[in-house]
Amino acid sequence: MKNYERYLKTTAEEYDKETIMSFLCRRLPDRKIVPILQEMGGKKVLDVGLGTGHYTRIFLTENNVTGIDRNPHLCKLPVKVYQGGATEISRLAGAKKFDGVVSTWMTEYLSPDELGIFFVESKKALKAGGKLITTVISGYGLGFMYVTMAKMLRGIDKYGYTKKEITEKLRAAEFTEIKIINLNSWVGIPLAYLVIAKN
Ligand SMILES: C[S@@+](CC[C@H](N)C(=O)[O-])C[C@H]1O[C@@H](n2cnc3c(N)ncnc32)[C@H](O)[C@@H]1O
């Protein structure tokens, strides 16, 4: 199955049900993700792959968030959501500029080429001094297992990346200030990274 298509028939209620994977992905990493996202409160944010808006709620105020998602039907929040992909930000959002481009648990659906384009498109959409804040599944440890199991058990293509690969792609997109924070699971096994890159 081609990644995001699996959400086409999923309702927002079904999507928000707690599963072992959502527990693993959210509980511990959220201790690092949530405070960073709280800093975006009230700022002009583009949320790419916002799903039902689980994290969007953290920084949503009146009219400050725009979304992009392959499956916009999932989002019931008062947010304008463009239907489309992470590689098409400039086509969808036009000349709008944002203080932040946020994307949580979406980049796992992006192939290496697509991840590079997503970074380039995010940079173009940011105001000077704006930040790209995104999670990326780790190419090692639990991240590697997560990606492998998705393919083996459910036939879904997912991707994990090393810190070196992420940094190279961000540099190629001309981001200069790059911070990569480990989002480990229990017992310290790498699961994902929280990437913050300043324009
Ligand atoms: C695992 S969900 C994460 C949703 C939300 N960000 C969160 O953390 O709860 C992934 C979301 O990304 C969307 N998505 C997948 N591939 C995408 C792509 N290439 N471009 C934009 N959205 C995509 C899916 O439709 C889904 O809503």
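The values are calculated or read from the model by the stated rules, or taken from the named source; none is laboratory data. Because the structure is predicted, anything quoted here is derived from the model rather than measured. Neighbour counts are summed over all protein chains in view; Cβ atoms, including those assigned to glycine, are modelled from backbone coordinates with ideal geometry.
Observations on the structure shown:
- Those residues of region 105-151 which are of a type in the set (V, I, T) and either more than 10 Å from the ligand (Cβ to nearest atom) or under 22 Å from R91 (Cβ atoms) (or both), in sequence order: T107, I117, V120, I133, T134, V136, I137, V147, T148
- Residue check, E13 without any contact (Cβ under 8 Å) to a residue 24 or more places away in the chain, farther than 26 Å from T167 by Cβ and more than 9 Å from the ligand (Cβ to nearest atom): yes
- Residue count for region 61-78, restricted to those that are more than 10 Å from the ligand (Cβ to nearest atom) and either surrounded by fewer than 20 Cβ atoms within 10 Å (Cβ to Cβ) or part of a helix (DSSP H, G or I) (or both): 7
- Taking the listed residues L37, L92, L50, the one that is touching a residue at least 60 places away in the same chain (Cβ under 8 Å) and either near the ligand (Cβ under 10 Å from one of its atoms) or not in a loop (DSSP other than H, G, I, E, B) (or both) is L37, with no other qualifying.
- Checklist (1) in contact with a strand residue (DSSP E or B) (Cβ under 9 Å, 6 or more places away or on another chain); (2) at pLDDT 95 or above applied to E168, failing item: (1)
Here is a yes/no grid of residues against (1) touching a residue at least 24 places away in the same chain (Cβ under 8 Å); (2) part of a helix (DSSP H, G or I); (3) over 26 Å from M40 (Cα atoms):
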{"position": "W105", "(1), (2), (3)": "yes, no, no"}
{"position": "S122", "(1), (2), (3)": "yes, yes, no"}
{"position": "K127", "(1), (2), (3)": "yes, no, no"}
{"position": "V147", "(1), (2), (3)": "yes, yes, yes"}
{"position": "R171", "(1), (2), (3)": "no, yes, no"}
{"position": "A197", "(1), (2), (3)": "yes, no, no"}
